[in-house]
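Got a structure here, written out as structure tokens. Questions coming.
The values are calculated or read from the model by the stated rules, or taken from the named source; none is laboratory data. Only a predicted model underlies this, so the values are computations on that prediction, with no experimental measurement involved. Note that we place each Cβ from the backbone using ideal geometry, even for glycine, and neighbour counts take in every protein chain shown. For the accessible areas, the whole protein counts, side chains as well, though only heavy atoms, and no ligand, DNA or RNA atoms are used. Shrake-Rupley method; radii C 1.70, N 1.55, O 1.52, S 1.80 Å.
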Amino acid sequence: MFSGGKRTATGVAGTLVGLLLISLCYAPNRTMVLLNLGYAVVTSVFIYLEWAVFSPILNYVVLFYGAFVGIHAIFDTYQDTIRRTVLRSDAYACYEQCPCCLPKCVGIQWGLLNVALQIFGVWVALMQMSDECQDQGWWDCIASDNWDLNAEKLWEWEERSANTARDWVG
């Protein structure tokens, strides 16, 4: 979702690098230190490449990071709350607080929310990468009047598509 513009992607990537370096204070494990340093160095290299060599590469790196985290969240929700009931899960804790909603029902609700937010994030990222939002900031693009959800135009598009399909057929 934050991969739409050069400045936004740089801000997100810089924040990620900063948080990875801060987390080194809390990750005394050698494997975690190497992973954090590795991701911080790789992301810093992509920031440099974005500003000095090749322009749209950081957008795709940030989009990859975001999609990976989103897909992992969906998979984790499915594994721990829908497929099986884990007694230490948040869904089971919700069930203990409110016994009328079973842990699997809570998991299904969270899974639907995860999928909906992932779709919304992809939609916002595509909106930010569109030509209408090219020279605007993140919030300026989202809050602008570029969102033309006019139903008449949608029907016009459908009619044009149907006419094109008829022309192909014969």
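Sort out which residues of region 46-63 are among the polar types (S, T, N, Q) and loosely packed, with under 13 Cβ neighbours inside 10 Å, and write them in order of number.
55
Where residues in region 35-70 are part of a helix (DSSP H, G or I) and among the hydroxyl-bearing types (Ser, Thr, Tyr), which of them is farthest from residue 103 (Cα to Cα)?
Of everything passing the filter in region 35-70, 48 is farthest from residue 103 (Cα to Cα).
Further question: Taking region 21-45 as the search range and keeping residues that are under 18 Å from residue 63 (Cα atoms) and not β-branched (Val, Ile, Thr), which one is least open to solvent (accessible area, probe 1.4 Å)?
40
Could you check how many residues of region 79-132 are of a type in the set (D, E, K, R) and surrounded by 14 or more Cβ atoms within 10 Å (Cβ to Cβ)?
Count: 4.
I'd like to know if region 71-78 contains one or more residues that are open to solvent by 50 Å² or more (accessible area, probe 1.4 Å), at pLDDT below 80, assigned to a helix (DSSP H, G or I) and aliphatic (A, V, I, L, M).
no
Okay, next question. So how many residues does region 102-127 have that are at pLDDT below 85 and more than 16 Å from residue 69 (Cβ to Cβ)?
Total satisfying the criteria: 3.
Output the qualifying pairs, or none if there are none: Cβ atoms under 6 angstrom, residues six or more apart or on different chains, first residue in region 50-73 and under 18 Å from residue 130 (Cα atoms), second residue open to solvent by less than 60 Å² (accessible area, probe 1.4 Å) and among the β-branched types (Val, Ile, Thr).
62/12
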